Amino acid sequence: MAENNKSMDKGRKLLIGFIIVLLLLTAGAYFFGVYYFTEHFLPGSQVNGFNCSYMTEKEAENLLEQKTGVYALAVQTRGNGQEAITSFDPLIFLRRICVKFLS
């Protein structure tokens, strides 16, 4: 009877040890995710329609600058005229510099 009790204690200790290791691994994975996503966008994040999942702020900013750098807006003027406003328009460029400088 004593041998049966010892094997039960050994099995119980093994089970408790396994549960503790499992809880520690789960907590470690959770805190790694918390640390990682303080600097990165969450999965499924979009900025102005562009997928920014798992990107840092600088990576997302570079992506937006690349994608919007070729953007042109066609404006209909009076008398059936048409003008284009691009992202390289001097006033828009100056406004971007001022915003970056002031922020």
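Taken together, the values in this text are just the output of simple stated rules run on the coordinates, not laboratory data. In this text the structure is predicted, and so the values were computed from the model without any measurement. Using ideal geometry, Cβ is built from the backbone for each residue, glycine included, and neighbour counts are taken over all protein chains shown.
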TODO: Starting with the highest mean, order 49-62, 73-86 by the number of other Cβ atoms within 10 Å, averaged over the residues of each peptide.
DONE: 49-62, 73-86
TODO: Enumerate the calculated ³J(HN,Hα) couplings along segment 21-32 in order (Karplus 6.51 cos²θ - 1.76 cosθ + 1.60, θ = phi - 60°), each rounded to whole Hz, writing x wherever the residue is Gly or Pro.
DONE: 4, 4, 5, 5, 5, 5, 5, x, 5, 5, 5, 5
Open item on the list: Just to check I understand the Karplus step: with θ = phi - 60° and J = 6.51 cos²θ - 1.76 cosθ + 1.60, what whole-Hz values come out for segment 72-82, glycine and proline as x?
Closed with: 9, 9, 8, 10, 7, 9, 5, x, 6, x, 9
Open item on the list: Can you tally the net charge around VAL47? Count Lys and Arg as +1, Asp and Glu as -1, for every other residue whose Cβ sits under 14 Å from the Cβ of VAL47.
Closed with: -2
- [ ] With θ set to phi - 60°, apply the Karplus curve 6.51 cos²θ - 1.76 cosθ + 1.60 along segment 34-51 and write out the HN-Hα couplings as whole Hz, x wherever there is a Gly or Pro.
- [x] 4, 5, 5, 7, 6, 10, 10, 6, 6, x, x, 6, 10, 10, 6, x, 9, 6
